[in-house]
Amino acid sequence: MCSRMRVWTRRSRLITAPVWCGPLSSVPTCPDWRIRSGRAAVARERQERIEGALAAMQNLKVVKQRAAAKKGADKVSEPRASTTDPEARVMKTRGGGRDPAYNVQLATEAQSRAIVGVQVLQDGADNGLSEAMRPEVERRTGVKVEVHVTDAGYLRKETVEREAADGVNRITPLPLNSGGEACVTHQPGDGPGVRAWRARMQTEEAKALLRQRSGVAETPNAELKVCRAMDRVLVRGVKKVTATVLLGAIVYNLMHFAQALVGRPKPPL
């Protein structure tokens, strides 16, 4: 089961003490050289982040123009980038605001509720992301995914078709029509995979799996945010944020499955 978590980036500054590399006879007695060297390091770091943000804005502008041309829209919103972390993307966060953030995807095994997949992405939208998570889970577990439960935000018909061709049964809520009812009738352009998905979602078994989704998928999400302080990160860049989230997932799994791993009682949280 898939769930998402928006991780905010937070400005932090770490200045390493400069080291004098000249001859010992000419070591400055005044600490001004340390101050100047530290300020120069901060200035270089900020300049690099600004240049990275400007490059990210150009890339985002091209992506937005392509998306607008595909939809036939005339107006393109202005791209936004962060000088705190150029690799972060401005996304909607809790409270209706927009902040530099990453889209953290977690995959959870339904029976044990263990985290079996982690991805840190720069895309704020979830539709279509389930297809990228499945190979990650299969690589980590060595087991083929046969049933994939997601919320409605992950729905994309092309993805459902490809998953059906690979033998994966998608469990995702049906979209609602103008009357607020589930759209169970087949639509023009529906392939065999989408037709099978619409029929599957009308069964009691699929409805029961959907009812279990929030308890299975959102529990690790909430624990990482509340108990592991994963709602904000103090590092920059996709690789470092991914490493931080992976460490949090490892700690979560160890805390919940320590008894099964070492045969001793699980310590209290």
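Just wondering, is there one or more residues in the stretch 129-141 that are of a type outside the set (A, V, I, L, M, F, W, C), within 29 Å of ARG170 (Cβ to Cβ) and at pLDDT below 85? Checking the stretch 129-141: at least one residue is of a type outside the set (A, V, I, L, M, F, W, C), within 29 Å of ARG170 (Cβ to Cβ) and at pLDDT below 85.
For every residue, the table says whether it meets (1) out of contact with any Ser or Thr (no Cβ under 6 Å at 6 or more places or on another chain); (2) not in a helix (DSSP H, G or I); (3) not basic (Lys, Arg).
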residue: GLU158; (1), (2), (3): yes, no, yes
residue: ALA164; (1), (2), (3): yes, no, yes
residue: LEU174; (1), (2), (3): yes, yes, yes
residue: HIS186; (1), (2), (3): yes, yes, yes
residue: ASP190; (1), (2), (3): yes, yes, yes
residue: VAL194; (1), (2), (3): yes, no, yes
residue: ARG198; (1), (2), (3): yes, no, no
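Taking the criterion of being surrounded by fewer than 20 Cβ atoms within 10 Å (Cβ to Cβ), free of Cβ contacts under 8 Å to residues at least 40 places away in the same chain and aliphatic (A, V, I, L, M), the residues of the stretch 138-154 that qualify are VAL143, ALA152. The residue pairs whose first member lies in the stretch 186-210 and is at positive phi, whose second member is surrounded by 11 or more Cβ atoms within 10 Å (Cβ to Cβ), and whose beta carbons are closer than 8 Å, counting only pairs six or more residues apart or on different chains, are GLY189/LYS157. Scanning the stretch 192-202 for residues that are closer than 16 Å to ALA164 by Cα and either basic (Lys, Arg) or loosely packed, with under 15 Cβ neighbours inside 10 Å (or both) gives PRO192, ARG195, ARG198, ALA199, ARG200. Here SER214 meets each of (1) without any contact (Cβ under 8 Å) to a residue 60 or more places away in the chain; (2) buried (at least 18 other Cβ atoms within 10 Å of the Cβ) with one exception, condition (2).
The residue list GLU163, GLU158, GLU205, GLU181 contains one member that is of a type in the set (D, E, K, R), surrounded by fewer than 16 Cβ atoms within 10 Å (Cβ to Cβ) and in contact with a Gly (Cβ under 9 Å, 6 or more places away or on another chain), which is GLU158. Test SER112 against the stated conditions and say whether it is surrounded by 11 or more Cβ atoms within 10 Å (Cβ to Cβ), touching a His at 6+ places or on another chain (Cβ under 7 Å) and within 28 Å of GLU223 (Cβ to Cβ). Here the answer is no, as SER112 does not meet what is asked.
The values are calculated or read from the model by the stated rules, or taken from the named source; none is laboratory data. Please read these numbers as outputs of a predicted model, since none were measured by experiment. Heads up, the Cβs are rebuilt from the backbone with ideal geometry, glycines too, and the neighbour counts pull from every protein chain shown.
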